[in-house]
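**Q** There's a structure below that I have some questions on.
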Amino acid sequence: MGTGKPQLLFVHGIGGLRDAAADRRRWLEALAKGARGAGLADMISALTQGWLADVTFADYSDLFNRRGAQGGTGGELDESDVPFLLGLLDSMLEELAEQFPPESSPVEARVVLDARFQLDAAVSGRQSQGAGEIGRRLVGVTTTVLRLPGLRRTAQWVNGWGLLSHLAQVGRYLDRRTKRAELGSAVRARVLDGLDPARPVVVVSHSLGTVVAYEALHTYEGDVPLWVTLGSPLALGAVVLDRLVPTPAHCPARIAAWLNFWDRDDIVVGRPHLANWILPSESGVKALTAPVDSRGLWTHTATKYLEHREVARPVIEALLS
């Protein structure tokens, strides 16, 4: 393993344009809160002041959100976005149906059933409709999902289009056709830019960032004592897992330990399947998966995960080792 001051790399997920400095501060503050809960309060100043590690927040949000950029924006979906979104929304509604059974959550179950009806209608009419009409139907699905009690209040999206357009970023990243493949390459380059392979790096990635980190770390030549994945969609079957490069999906070779955390209420993740469906590295390293409970419906934010002592402790310990 390399020597010298360790590096801590944060890799964000879906969303709009970011303020990297502000997000870096928020992620560190959340990690510090988790460290306090883990009984590591004496490490907080070292972490937040940069004495413990050189901290980088890898911001690639402009590649998806700048008008005319490779990832595309605008008010309608591209035809190529549709298959991915149909699969992803189907997986999300399956998760919600499990979370809100009719016998114990009748109001929520009716909302989920309504969204399922709309999604099935979009699928059945797909061949006779253009991308614009299907997009409007899918916005209807996400708008309905946002009616779930608590979700609109706690989520980062104010309407169905905002949620749908951000979910589409995952499919755009995974699209291997020429223009979209260029997007993926640019995102991975942004994540690895500035890292020093001679020094160890602890990687903390969230949501889409776990997909990006998976592919980027397969090409990285430095030592990674710990990779932490939060709210990861890596194990979402055909919509994500089967489209990863390299395939079959396996742990990157330079990873010494991989911890995957998922919240039981996080509708974007593939639940605990990640550890079972992604093969170990040649040295035998594979994901160790553990649940956390953030309480509240919308738990798919990096800071909620980082505030858990179960997440913060191994990150701090890896930086100290």
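**Q** Provide, for the chain, the number of lysine pairs with alpha carbons under 28 Å apart, each pair being eight or more places apart or on different chains. Show your work: numbers first, answer last.
**A** On the way: Lys5/Lys33; Lys5/Lys286; Lys5/Lys304; Lys33/Lys286; Lys33/Lys304; Lys286/Lys304.
Eligible lysine pairs with Cα atoms under 28 Å apart amount to 6.
**Q** Scan the chain and note any complete DSSP helix (H) whose C-alpha atoms cover at least 18 Å along its axis and whose Kyte-Doolittle average is 0.5 or more.
**A** 82-99
**Q** May I ask for the longest run of the chain untouched by trypsin sites (Lys or Arg not before Pro) that are loop-located per DSSP and have at most 11 neighbouring C-beta atoms (other than their own) within 10 Å?
**A** It works out to 178-294.
**Q** From zero outward in steps of 10 Å, how is the percent of C-alpha pairs of the chain spread across the bins?
**A** Calculated over all Cα pairs of the chain, the distribution is 6, 27, 35, 23, 8, 1, 0 percent.
**Q** Who wins for biggest fluctuation among Leu236, Leu88, Leu113 in a Gaussian network model of the chain, springs between alpha carbons below 10 Å?
**A** With Cα springs under 10 Å in the chain, the top fluctuation among Leu236, Leu88, Leu113 is at Leu113.
**Q** Here's another thing I want to ask about it. Arranged by the count of other C-beta atoms within 10 angstrom, fewest first, what order do Trp277, Trp27, Trp262, Trp227 take?
**A** Going from least to most buried by this count: Trp277, Trp27, Trp262, Trp227.
**Q** Specify the residue with the greatest mean-square fluctuation among Val203, Val239, Val123, computed from a Gaussian network of the chain linking alpha-carbon atoms under 10 Å apart.
**A** Most flexible of the set in this elastic network: Val123.
**Q** Ok, one more. So, by mean Cβ neighbours within 10 angstrom, what's the order for 44-54, 206-216 with the highest one leading?
**A** In decreasing order of mean packing, 44-54, 206-216 become 206-216, 44-54.
**Q** Okay, next question. Among Asp90, Asp62, rank each residue by its count of other Cβ atoms within 10 Å, from fewest to most, as a rough exposure measure.
**A** Going from sparsest to densest Cβ surroundings: Asp62, Asp90.
Every number here is computed from the coordinates shown, using simple stated rules; none is lab data. Keep in mind that what you see is a predicted model, and the values were worked out from it rather than measured. Positions of Cβ are generated from backbone atoms using ideal geometry, with glycine treated the same way; all protein chains shown enter the neighbour counts.
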